[in-house]
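Engineer: One structure is given below, represented as structure tokens, and several questions about it will come after.
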Amino acid sequence: MFSKSEIINLLKDESQNDWLFSYADKIRQKYVGDKVHLRGLIEFSNICKCTCKYCGLRYENKDLKRYRISSNEILKYAKNAVSLGYKTLVLQSGEDSFYTQEILVPLIKEIKKLDVTLTLSIGERSFEDYKAFRNAGADRYLIRIETTDRNLYKELHPNMSFENRLRCLSDLRKLGFEVGSGCLIGLPNQTIESIADDILFFKENNFDMIGVGPFIPHPQTPLNNSKQGSFELALKVMAIIRIMLPDINIPATTAMETLNPNGRIIALKSGANVVMPNVTTKEYRKKYEIYPNKICINENPDKCRFCIENKIKSIGRTISNDYGFRIKT
Ligand code: SAH
């Protein structure tokens, strides 16, 4: 297992990249196999009360046209995704308090009748909310820590608290969710040392899924003039995470594909085993603009499904037919 100083050296030393990527690929194959899990992503609301400085959905971005998808329409996308073969659906949104327990609990129950696993990614909620979602049948929850550097966290997340983020992660674990977390790479003032701490934090908490993505500056945010995160560095962080947490699920993130036209395939060959294609239609895709130049904003769910399947097959991998839980080794 890598120590903090070994992680820092690996992240700084370009000459290690090829070795790192191919070793992470070997570990991926040994522990989670050649099957790729697809998770169908439904971005159901871009309304957000938070003001995260990097995110285009932030409350203060008044240029963004906001939307909420009704439960009926969400269900329609869910059914279509299931007919396309998805075994996991992910409901993601901004921090939108419109979606109370009263709305989400019946929706979760309806989706669970479709014989799929369900992941929620809707931000910070109370223990009671998480408990209600879990009792309704939600299986997994994604909430990235974003950065473990407390000063940077404070700087980037006005009116939020790092402690509450930790509380959420711990509540979710207590309630028996499979818990996913992750971080952004290349945030302004983020150091390599703090990224090493992020990786150690993931290891210590033994999360079931870790998503890593490069920071992409959004024009309507306070970080509009900041430097974009590096694709290579995000890929290296991902590869190190695979080596340190060999049996977890790791997505080839959409942000990686935004920075490199072949980003998800490169990620799948460097430790990743999950892809999360969008299963809504184009009227919403463009508006869920957490960062600019999101991929596939003019596509529809069928096309994305077959496009990604072809790419996956082209590297000798296949699509998994099971629910894609973490199988602990
Ligand atoms: N509201 C939910 C979902 C957030 S969107 C939550 O708080 O968990 C999902 C992820 O998009 C975030 O966790 C963040 O890591 C990422 N993201 C936001 N803005 C981004 C940007 N400018 N560049 C890259 N990734 C970004």
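The values are calculated or read from the model by the stated rules, or taken from the named source; none is laboratory data. Nothing here was measured: the structure is a model prediction, and the numbers come from that model. Quick reminder, even Gly has a Cβ in these numbers, built from the backbone with ideal geometry, and neighbours come from all protein chains shown.
For (1) without any contact (Cβ under 8 Å) to a residue 12 or more places away in the chain; (2) aliphatic (A, V, I, L, M); (3) more than 15 Å from the ligand (Cβ to nearest atom), each residue gets a yes or a no:
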{"position": "Ile199", "(1), (2), (3)": "no, yes, yes"}
{"position": "Glu204", "(1), (2), (3)": "yes, no, yes"}
{"position": "Val212", "(1), (2), (3)": "no, yes, no"}
{"position": "Pro217", "(1), (2), (3)": "no, no, no"}
{"position": "Lys227", "(1), (2), (3)": "no, no, no"}
{"position": "Leu233", "(1), (2), (3)": "no, yes, no"}
{"position": "Ile240", "(1), (2), (3)": "no, yes, yes"}
{"position": "Asp247", "(1), (2), (3)": "no, no, yes"}
{"position": "Leu259", "(1), (2), (3)": "no, yes, no"}
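Engineer: Still on this structure, I have one more. Quickly run through the range 13-50 and pick out the residues that are farther than 27 Å from Val82 by Cα and within 12 Å of the ligand (Cβ to nearest atom).
Structural biologist: Result: Cys48, Lys49, Cys50.
Engineer: Quick one: which residue in Val237, Val274 is at pLDDT 95 or above, buried (at least 22 other Cβ atoms within 10 Å of the Cβ) and touching a His at 6+ places or on another chain (Cβ under 6 Å)? Break it down into steps so the answer makes sense when it comes.
Structural biologist: Numbers: Val237 fails: touching a His at 6+ places or on another chain (Cβ under 6 Å).
Result: Val274 is the single residue among Val237, Val274 that is at pLDDT 95 or above, buried (at least 22 other Cβ atoms within 10 Å of the Cβ) and touching a His at 6+ places or on another chain (Cβ under 6 Å).
Engineer: Select from the range 59-75 the residues that are loosely packed, with under 14 Cβ neighbours inside 10 Å and away from the ligand (no atom under 16 Å from the Cβ) and list them in ascending order.
Structural biologist: Within the range 59-75, Lys62, Lys65, Ser70, Asn72 meet the criteria.
Engineer: Select, from Leu114, Leu172, Leu152, the only residue that is touching a residue at least 12 places away in the same chain (Cβ under 8 Å) and within 18 Å of the chain's Cα centre (by Cα). Don't jump to the end; show me each part of the working.
Structural biologist: Details: Leu114 fails: within 18 Å of the chain's Cα centre (by Cα); Leu152 fails: within 18 Å of the chain's Cα centre (by Cα).
None of the others qualify; the one that does is Leu172.
Engineer: Can you pull out every residue in the range 224-262 that is within 22 Å of Val90 (Cβ to Cβ), over 13 Å from the mean Cα position of the chain (by Cα), in a loop (DSSP other than H, G, I, E, B) and not acidic (Asp, Glu)?
Structural biologist: Answer for the range 224-262, where residues must be within 22 Å of Val90 (Cβ to Cβ), over 13 Å from the mean Cα position of the chain (by Cα), in a loop (DSSP other than H, G, I, E, B) and not acidic (Asp, Glu): Leu245, Ile248.
Engineer: When Ile319 is evaluated against the numbered criteria (1) buried (at least 20 other Cβ atoms within 10 Å of the Cβ); (2) touching a Gly at 6+ places or on another chain (Cβ under 9 Å), which criterion, by number, is the only one it fails?
Structural biologist: (1)
Engineer: Go through the range 112-126 and count every residue that is within 19 Å of Met209 (Cβ to Cβ) and assigned to a helix (DSSP H, G or I).
Structural biologist: Applying the first criterion (within 19 Å of Met209 (Cβ to Cβ)) to the range 112-126 yields 116-125.
Narrowing the set further to residues that are assigned to a helix (DSSP H, G or I) leaves none.
Residues flagged as within 19 Å of Met209 (Cβ to Cβ) and assigned to a helix (DSSP H, G or I) within the range 112-126 amount to 0.
Engineer: Looking at the structure I just gave you, is Asn189 polar (S, T, N, Q) and more than 11 Å from the ligand (Cβ to nearest atom)? Working first, answer last.
Structural biologist: Working: polar (S, T, N, Q): yes; more than 11 Å from the ligand (Cβ to nearest atom): yes.
Criteria met by Asn189.
Engineer: To continue, here is another question. All but one of (1) free of Cβ contacts under 8 Å to residues at least 40 places away in the same chain; (2) surrounded by 17 or more Cβ atoms within 10 Å (Cβ to Cβ) hold for Asp208; state the number of the condition that does not hold.
Structural biologist: (1)
Engineer: Only one of Ile185, Ile199, Ile195, Ile216 is buried (at least 20 other Cβ atoms within 10 Å of the Cβ), modelled with pLDDT of 95 or more and in contact with a strand residue (DSSP E or B) (Cβ under 6 Å, 6 or more places away or on another chain); which? Before the answer, list the steps.
Structural biologist: Values: Ile199 fails: in contact with a strand residue (DSSP E or B) (Cβ under 6 Å, 6 or more places away or on another chain); Ile195 fails: in contact with a strand residue (DSSP E or B) (Cβ under 6 Å, 6 or more places away or on another chain); Ile216 fails: in contact with a strand residue (DSSP E or B) (Cβ under 6 Å, 6 or more places away or on another chain).
From the options Ile185, Ile199, Ile195, Ile216, the qualifying one is Ile185.
Engineer: Look at the range 141-170 and say how many of its residues are outside any helix (DSSP H, G or I), more than 13 Å from the ligand (Cβ to nearest atom) and either closer than 29 Å to Ile74 by Cβ or not polar (S, T, N, Q) (or both).
Structural biologist: The qualifying residues number 3.
Engineer: As an exercise: evaluate Tyr99 against (1) surrounded by fewer than 16 Cβ atoms within 10 Å (Cβ to Cβ); (2) in a loop (DSSP other than H, G, I, E, B) and give the number of the one condition it does not meet.
Structural biologist: (1)
Engineer: Same structure again: Please specify each residue of the range 51-75 satisfying the condition of being within 18 Å of Leu120 (Cα to Cα) and touching a Gly at 6+ places or on another chain (Cβ under 7 Å).
Structural biologist: Leu57
Engineer: Please go through the range 263-284 and give me each residue that is assigned to a loop (DSSP other than H, G, I, E, B) and not β-branched (Val, Ile, Thr), ordered by number. Working first, answer last.
Structural biologist: Applying the first criterion (assigned to a loop (DSSP other than H, G, I, E, B)) to the range 263-284 yields 269-273, 276-277, 279-281.
Answer for the range 263-284, where residues must be assigned to a loop (DSSP other than H, G, I, E, B) and not β-branched (Val, Ile, Thr): Lys269, Ser270, Gly271, Ala272, Asn273, Met276, Pro277.
Engineer: If you don't mind, there's one more thing I want to ask. Would you say Asp129 is acidic (Asp, Glu) and crowded, with 20+ Cβ neighbours inside 10 Å? Break it down stepwise before answering.
Structural biologist: Working: acidic (Asp, Glu): yes; crowded, with 20+ Cβ neighbours inside 10 Å: no.
Against the criterion (acidic (Asp, Glu) and crowded, with 20+ Cβ neighbours inside 10 Å), Asp129 does not qualify.
Engineer: Related question: Has the range 143-162 got any residue that is surrounded by 22 or more Cβ atoms within 10 Å (Cβ to Cβ), farther than 20 Å from Gly324 by Cα and of a type in the set (Ser, Thr, Tyr)?
Structural biologist: Yes, the conditions are met somewhere in the range 143-162.
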